[in-house]
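Shown next, in C-alpha cells, is the structure this report addresses.
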Amino acid sequence: MESAKQKIVIAIDGHSSCGKSTFAKAIAARLGYIFIDTGAMYRAVTLCALEAGAIRDGEVDAERVVGLLPQINISFRFNAERGASDVYVNGQCVEPRIRSIEVSSAVSRISSIPAVREKLVAMQQQMGRDRGVVMDGRDIGTVVFPDAELKIFMTADAEVRARRRYDELTAKGDKVTLEEILENVIARDKADMEREISPLRRAADAVVLDNSRMTVEEQMEWFMERYRQIVG
Ligand code: DC
C-alpha cells in the first residue's frame, strides 16, 4: 500500500470492454484508493427507468426519466467478497441486475440525457472531492475531473475486446456468437464517441494504454511507472 503519499485523482476513460474496471480495481487495491465505477451509476438509473416503465420496447421517455431522478438515491458499499463496491439504489443492492442485457441495451440512451449526466457528474465530483479515488468511465478526465493528476485513456483492438467478452460470457453459459459481440462492441464505441453530450474522447493530457497485447501484470507495471513520476 502506498496510501501515506499525496492522494491524487486517477481518471480512467476509454472504450467499452477493454478491462477498465479490472484495471481500476487493481490500482485502487494497490494504492488503498476508492474505486468508483461510474458506468454502474448510469446502469442503476437505467434499471430504475426500466422498472418504472419509462423505457418500453426500446423507446425511452426522457421526460419521465428526468422526473424519476429526484427519487433515485445511488450509493456504493464495499463488498469484501468481490473486492469492489456494489451499487445500491435507495438502500437496495442492484448488482448484478444492472449487468443484464436489458440494461446494457438501454444504457447508452439513458446516459445521453443531459439531466441524468448532470446529476451523476455532480455526485462523482462529490465522491472524489478528497482525492484518493480511481474513477473509470467515459468523461472522467474531460468533464468530471479535468484537473485529475493522472489521466489514462484505455483502448484495445475491437477484435481483442470482442474475444475477451465472448470468453467471459460463454464461461458464464451465455449463448452468444463472436460476430454479434464484435458488432455490439463496435456499435457501443460509435454511440459513446458520437453522442452530443460528453462524448468519449481522449483528454489532451491523457496517456494512452493500449492493452491489446498486455497482461494485467504488465499493465500494472506500466501504471506504477507513471504513478511514481507524479507522486514520487
Ligand atoms: O462502463 P460501462 O459499460 O458499464 O458503462 C455503461 C454505459 O454508461 C456505457 O454505455 C457508457 C455510459 N457511461 C457514460 O456515458 N459515462 C460514464 N462516465 C460511464 C459510463
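General observations
- Members of the range 187-218 found to be in contact with a helix residue (DSSP H, G or I) (Cβ under 6 Å, 6 or more places away or on another chain) and in a helix (DSSP H, G or I), listed by number: Ala191
- Residue within the range 44-56 that is touching a strand residue (DSSP E or B) at 6+ places or on another chain (Cβ under 7 Å), open to solvent by 60 Å² or more (accessible area, probe 1.4 Å) and farther than 23 Å from Thr22 by Cβ present: no
- Residue count, the range 121-154 (criterion: within 16 Å of the ligand (Cβ to nearest atom), open to solvent by 30 Å² or more (accessible area, probe 1.4 Å) and either touching a strand residue (DSSP E or B) at 6+ places or on another chain (Cβ under 6 Å) or part of a strand (DSSP E or B) (or both)): 2
- Test for Ser85: is it closer than 24 Å to His15 by Cβ, out of contact with any Phe, Trp or Tyr (no Cβ under 6 Å at 6 or more places or on another chain) and surrounded by fewer than 21 Cβ atoms within 10 Å (Cβ to Cβ): no
- Test for Arg226: is it out of contact with any Gly (no Cβ under 6 Å at 6 or more places or on another chain), assigned to a loop (DSSP other than H, G, I, E, B), surrounded by 11 or more Cβ atoms within 10 Å (Cβ to Cβ) and modelled with pLDDT of 95 or more: no
- Some residue of the range 158-167 being outside any loop (DSSP other than H, G, I, E, B), open to solvent by less than 40 Å² (accessible area, probe 1.4 Å), within 15 Å of Arg43 (Cβ to Cβ) and touching a residue at least 12 places away in the same chain (Cβ under 8 Å): no
- When the residues of the range 93-109 are filtered to those that are in a helix (DSSP H, G or I) and of a type in the set (Gly, Ala, Ser), the one that is most open to solvent (accessible area, probe 1.4 Å) is Ser105.
- Pairs linking a residue in the range 82-110 that is modelled with pLDDT of 95 or more to a residue that is polar (S, T, N, Q) and more than 12 Å from the ligand (Cβ to nearest atom), with Cβ atoms under 7 Å and 6 or more positions apart or on different chains, are Tyr88/Ser75; Val89/Asn73; Asn90/Asn73.
- Reported count of residues in the range 57-74, each being free of Cβ contacts under 8 Å to residues at least 40 places away in the same chain and open to solvent by 40 Å² or more (accessible area, probe 1.4 Å), is 9.
- Across the range 210-219, not a single residue is classified as away from the ligand (no atom under 14 Å from the Cβ) and over 18 Å from Ser21 (Cα atoms).
- Failed condition for Ser112, given (1) open to solvent by 20 Å² or more (accessible area, probe 1.4 Å); (2) outside any helix (DSSP H, G or I); (3) within 12 Å of the ligand (Cβ to nearest atom); (4) farther than 30 Å from Arg56 by Cβ: (4)
- Total residues in the range 166-191, condition of a type outside the set (A, V, I, L, M, F, W, C), modelled with pLDDT under 90 and within 12 Å of the ligand (Cβ to nearest atom): 2
The values are calculated or read from the model by the stated rules, or taken from the named source; none is laboratory data. Nothing here was measured: the structure is a model prediction, and the numbers come from that model. Cβ sites come from the backbone with ideal geometry, for glycine too, and all protein chains shown count toward neighbours. Calculation scope for accessible area: heavy atoms of the full protein, side chains included, ligands and nucleic acids excluded. Shrake-Rupley method; radii C 1.70, N 1.55, O 1.52, S 1.80 Å.
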